[in-house]
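Visitor: Please read through the structure below; I'll follow up with questions.
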Amino acid sequence: QVQLVESGGGLVQPGGSLRLSCTASGSIFSGNRMAWFRQAPGKQRDLVATITSGGITNYADSVKGRFTISRDNAKNTVYLQMNSLKLEDTATYYCNVYPLTGTSWGQGTQVTVSS
């Protein structure tokens, strides 16, 4: 059974940085594009960034230039480096395969940007 475990969230001031990690059990990483999503309270879950198995990345306009997605296939881990954080980045962040294939979501990691 594939399991996704996100970590690295926390409370940070505007302009600060955080690095999120997502580790997957099983063979989900092999050859698959991975993605980070986020969901703010009362809002839908949105795509933030994707990365192919070969390292090609894509970003939502709202995070372009501030966030960097990367992966370590040997460790079955995908990362999200978040810089210049804004209040509107506050959300629970999740990773998953992209496009979604029905893999269960992890518990997510909470990012709160507040002064």
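Visitor: Kindly provide the set of residues from region 61-98 that are closer than 15 Å to MET34 by Cβ, without any contact (Cβ under 8 Å) to a residue 40 or more places away in the chain and not polar (S, T, N, Q), ordered by number.
Guide: Initial filter on region 61-98 (closer than 15 Å to MET34 by Cβ): 67-81, 93-98.
Then keep just the ones that are without any contact (Cβ under 8 Å) to a residue 40 or more places away in the chain; that gives 67-70, 72, 74.
Passing the criteria: PHE67, ILE69, ASP72, ALA74.
Visitor: Quick one: which strands (runs of 3 or more DSSP E) lie wholly within region 30-115 and hold at least 1 residues that are modelled with pLDDT of 95 or more and open to solvent by 40 Å² or more (accessible area, probe 1.4 Å)? Step through it out loud before you land on a result.
Guide: Numbers: elements: 34-39, 45-51, 57-59, 67-72, 77-82, 91-97, 109-113.
In region 30-115, 34-39, 45-51, 57-59, 67-72, 77-82, 109-113 are the strands (runs of 3 or more DSSP E) which contain 1 or more residues that are modelled with pLDDT of 95 or more and open to solvent by 40 Å² or more (accessible area, probe 1.4 Å).
Visitor: Return the residue satisfying two criteria in turn: it lies in region 74-102 and is within 15 Å of the chain's Cα centre (by Cα) and hydroxyl-bearing (Ser, Thr, Tyr), and of such residues it is farthest from LYS43 (Cα to Cα).
Guide: Keep residues of region 74-102 that are within 15 Å of the chain's Cα centre (by Cα), which gives 76-83, 85, 89-100.
From the residues that got through so far, the ones that are hydroxyl-bearing (Ser, Thr, Tyr) too are 77, 79, 90, 92-94, 98.
Working: THR77: 27, TYR79: 23, THR90: 12, THR92: 11, TYR93: 13, TYR94: 14, TYR98: 20 Å.
Across region 74-102, the extreme among qualifying residues is THR77.
The values are calculated or read from the model by the stated rules, or taken from the named source; none is laboratory data. The structure presented is a predicted model; accordingly, all values stated were derived computationally and were not measured. As a convention, Cβ positions derive from the backbone with ideal geometry for all residues, glycine included, and neighbour counts pool all protein chains shown. Just so you know, the surface numbers come from the protein's heavy atoms only, side chains and all, with ligands and any DNA or RNA stripped out. Shrake-Rupley method; radii C 1.70, N 1.55, O 1.52, S 1.80 Å.
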